[in-house]
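Before any comments, here is the structure.
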Amino acid sequence: METMSVDEMAQARRTIAHRPSTLKRVAVALVRHRALYLMLLPGAIWYIVYNYMPLYGLSIAFKDFKVGFGISGSEWATPLLAHFQRLFASPRFPIVIRNTVLISLYRIFFGTLASLFIALLLNETKHYWYRRIVQTLNFAPFFLSWVVVYGVFLSLFSQQTGFVSRWVRELGGTMPSLLQSTDHFRTVLIGSSVWKSAGYGAVIYLAAMSGLDPGLYEAARVDGANRLQLIWHITLPGIRGMIVLLLILNIGSLLMAGFEQIFVFYNVRVYEVADIIDTWIYRMGLERMDFTISTAMGLFQAVIGALMMVGANALAKHWGEGSSLW
């Protein structure tokens, strides 16, 4: 093993002594790039105030919280996980979890298929102007609020006044109450969700398709490949990384099945098939003022969602897609 000479050791000491400290380097960087950091400051403050400071409220899940005493003045629960035990023993807990997972899986599956299908059709369109018009029409529903979407579906499928319902009655048939039937309500939820978001997903997949090498298509055509073969062997494998990346993000939010949509659409008659974690938290926390169990459910939702995202990311790395988040 080589040893340093006395002169080399002295030079190394002088280099270390003159090396600026980490704090000094940070200060120099702040001064040098002060304009950029000033522009970043409002966003950082917003993120800290609305995303990190509320984390203190998670301690409610471990306390016998009383509004009059506040979070710090409330006593710790005995045992510490008493509210989680009450949560898991609730007869509504398995129903809520089942509804949340099923609605999320349906939304991911049918939403991904619809977005891919639209993107593939638009990518194969020869006329650029026609593609732009269709893409705009598909993307437009994404900007509508769920209140507006509910109004559209109510005007179409209301059993008494809906346009489709009247048309069916005039033809001699009967229209079921889609918005109040446990047999059809999930279909309405997923259909409206796909209609609203498929255009947005198609734009993402189209952007990924635009980055594919045109030479691959030319070579395949020379070998006699038809359009379906080009899609199956070039387009879909080429955007597989983007598909996996979006699936990782969707899996991370599997336990968040879309509060705003369901809160606007659902009613007491369809609680059995439409009540999800977020709507249950809303009712328990803001309507019944049971903050402890609603906070416990929210913490359970966040932890399981984080674990699922980590697991999906690990699977993406294992499959070698090169599209993991970290």
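The values are calculated or read from the model by the stated rules, or taken from the named source; none is laboratory data. Worth saying up front: this structure is predicted, and the values here are computed from it rather than measured. A quick note on method: Cβ atoms are made from the backbone with ideal geometry, for glycine too, and the neighbour counts reach across all protein chains shown.
The single residue among Thr112, Thr22, Thr78 that is surrounded by 10 or more Cβ atoms within 10 Å (Cβ to Cβ) and among the β-branched types (Val, Ile, Thr) turns out to be Thr112. Scanning the stretch 201-209 for residues that are modelled with pLDDT of 85 or more and either over 16 Å from Asn123 (Cα atoms) or not hydrophobic (A, V, I, L, M, F, W, C) (or both) turns up at least one hit.
Each residue in the stretch 224-242 was checked for being touching a helix residue (DSSP H, G or I) at 6+ places or on another chain (Cβ under 9 Å) and more than 25 Å from Ala312 (Cβ to Cβ), and 7 pass. Only residues that are under 17 Å from Met289 (Cα atoms) and among the small types (Gly, Ala, Ser) were counted across the stretch 78-90, and they come to 1.
With respect to the conditions (1) surrounded by fewer than 13 Cβ atoms within 10 Å (Cβ to Cβ); (2) within 28 Å of Val268 (Cβ to Cβ), Leu179 lacks only one, and its number is (1).
Is at least one residue of the stretch 124-133 farther than 24 Å from Leu246 by Cα, surrounded by fewer than 13 Cβ atoms within 10 Å (Cβ to Cβ) and in contact (Cβ under 8 Å) with a residue 40 or more places away in the chain?
No, that holds for no residue.
Do you know which residues across the stretch 93-131 are among the charged types (D, E, K, R) and modelled with pLDDT of 90 or more?
Arg98, Arg107
Taking the listed residues Asn267, Asn313, the one that is within 24 Å of Tyr106 (Cβ to Cβ) and buried (at least 16 other Cβ atoms within 10 Å of the Cβ) is Asn313, with no other qualifying. For the criterion of being at pLDDT 90 or above, over 22 Å from the mean Cα position of the chain (by Cα) and surrounded by 18 or more Cβ atoms within 10 Å (Cβ to Cβ), Thr292 passes.
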